[in-house]
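Here is the structure we will look at.
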Amino acid sequence: MQGLLSALGLFGWLLACAGAPGPADRVRPGLEVLIEDSLQLVQGKRVGLVSNQGSLDSRGQHAVERLRAAQVNLVALFTPEHGFRGTAAPGEAVLSTRDSATGIPIYSLYGRTYSPTDTMLAGIDILLVDLPDVGARYFTYFSTTIEVMRAAGRHGIPVLVLDRPDPIGGAVQGNLLDTAYRSFVGALAMPMRPGMTLGELARLAQSDLSITVSLTIIPVRGWHRSEMLDETGLPFIRPSPNLHTLESLFHYPGTCLFEGTNLSVGRGSDAPFEQVGAPWLDTAAVLHELKTVDLPGVEFRSVKFTPHAPGDAKYVDTALAGIRLHVTDREKYDPTHTAVVLLSIIRRLHPSRFRLVAPQFDRLAGGPTLRTALERGDDPQSIVAAWEPGLDQFKVRRRPFLLY
């Protein structure tokens, strides 16, 4: 196990940086519930685990350590985008490898294939999925889970999702994806912020996509949908290289849209997805305009930042003028509405400089509707108001799949 645990040494360091949970913790992720209450589901079986650096219990122990200590027969590991350690750049192909000490193969599901192959699944009796979702439609761990469910179903392999809290709570916000624009960053007709856990989303996907698989969700114990991650006592571990803080997760359902523009979202800086910027951005004018708009729960300030090795190749080593966002009231904050307002203001103030990159923006926005509304100069309030019927329908549609 030494080779694998040496790879996991990063987890302890990350946990120390995040702050270890206190003794009064009451929330238990699905990993702990499985081991402490439902171990019979995996005993005597050859188990595959879909996992990464965020698959920790409430005390910071990794799923691999916990399962092996419980005498679970782990025969294969699978890893999503960013790799097993969570350090690969966004979109970077991740290679499959093998642990040097145990010989356990670590199969990449973000490289040559996005779905487990027949060879990968050979000899596996049951698959566990233990991944930290971030509460936004764009994040690819949900798409990986769907691919695992499909592949497992074809081979008659049951899937157990070891559920975790939605780290940013249960609010439902943003536009609904047009199913004609499904992609790996938008798998279902759901909003930018669906307010569901990965286990709940797996249940919804099984129904929406008619996936034939034996699916069991091992639920989180002691969690309420209104609770944010830092209210649970569970550790925050970076789910990807550019989501550094819990604060960044609250902004991500909105600021991720700027990936489809010619502004930087702060990749390669100290606060990715908490700020946007460009060399030509008139931050004083933007802040002046923002003061005229009612955007509860968030404040803005002017910053300067320089992206170093940003990964998206935007403004490498270039000093940028930026707008930093800070959540002041989590209950009132709507990052999707805020992003639409920011996009509209920047487009209006910089008509010759600002650019929406149509294919990328439409993929993130779940279709061309938002882009065309922004290009027409539609009022942001009317854009957001048009989302409400879809959100109301989604809240009804998701109800049978909710667990908390």
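Miscellaneous remarks
- Residue check, residue 132 assigned to a loop (DSSP other than H, G, I, E, B) and either free of Cβ contacts under 8 Å to residues at least 12 places away in the same chain or crowded, with 24+ Cβ neighbours inside 10 Å (or both): yes
- Residue within region 161-172 that is outside any loop (DSSP other than H, G, I, E, B), under 14 Å from residue 403 (Cα atoms), over 13 Å from the mean Cα position of the chain (by Cα) and of a type in the set (A, V, I, L, M) present: yes
- Condition broken by residue 158, with the remaining ones in (1) modelled with pLDDT of 95 or more; (2) buried (at least 21 other Cβ atoms within 10 Å of the Cβ) satisfied: (2)
- Pairs are defined by a Cβ separation below 9 Å, a sequence spacing of at least 6 or placement on different chains, a first member in region 222-241 that is on the phi > 0 side of the Ramachandran plot, and a second member that is among the β-branched types (Val, Ile, Thr); the pairs so defined are 222/27; 222/232; 233/27.
- Those residues of region 92-129 which are open to solvent by 40 Å² or more (accessible area, probe 1.4 Å) and among the aromatic types (Phe, Trp, Tyr), in sequence order: 107, 114
- Of all the numbered requirements in (1) open to solvent by 50 Å² or more (accessible area, probe 1.4 Å); (2) at pLDDT 95 or above, residue 303 misses one, and that requirement is (1).
- Residue within region 130-145 that is over 22 Å from residue 166 (Cβ atoms), of a type in the set (Phe, Trp, Tyr) and modelled with pLDDT of 95 or more present: no
- Residue that is most open to solvent (accessible area, probe 1.4 Å) [pool: residues in region 219-234 that are touching a Lys or Arg at 6+ places or on another chain (Cβ under 9 Å) and farther than 25 Å from residue 265 by Cα]: 221
- Residue in region 265-273 that is surrounded by fewer than 16 Cβ atoms within 10 Å (Cβ to Cβ) and touching a residue at least 60 places away in the same chain (Cβ under 8 Å) present: no
- For region 195-213, the tally of residues that are open to solvent by 20 Å² or more (accessible area, probe 1.4 Å), small (Gly, Ala, Ser) and part of a loop (DSSP other than H, G, I, E, B) stands at 1.
- Out of 371, 330, 324, one residue alone is open to solvent by 50 Å² or more (accessible area, probe 1.4 Å), out of contact with any Pro (no Cβ under 7 Å at 6 or more places or on another chain) and at pLDDT 95 or above. It is 330.
The values are calculated or read from the model by the stated rules, or taken from the named source; none is laboratory data. A quick note: this is a predicted structure, and the numbers were derived from the prediction, not measured. Don't worry about glycine lacking a Cβ; one is built from the backbone with ideal geometry, like all the others, and counts go over all protein chains shown. SASA here: full protein model, heavy atoms, side chains in, ligands and nucleic acids out. Shrake-Rupley method; radii C 1.70, N 1.55, O 1.52, S 1.80 Å.
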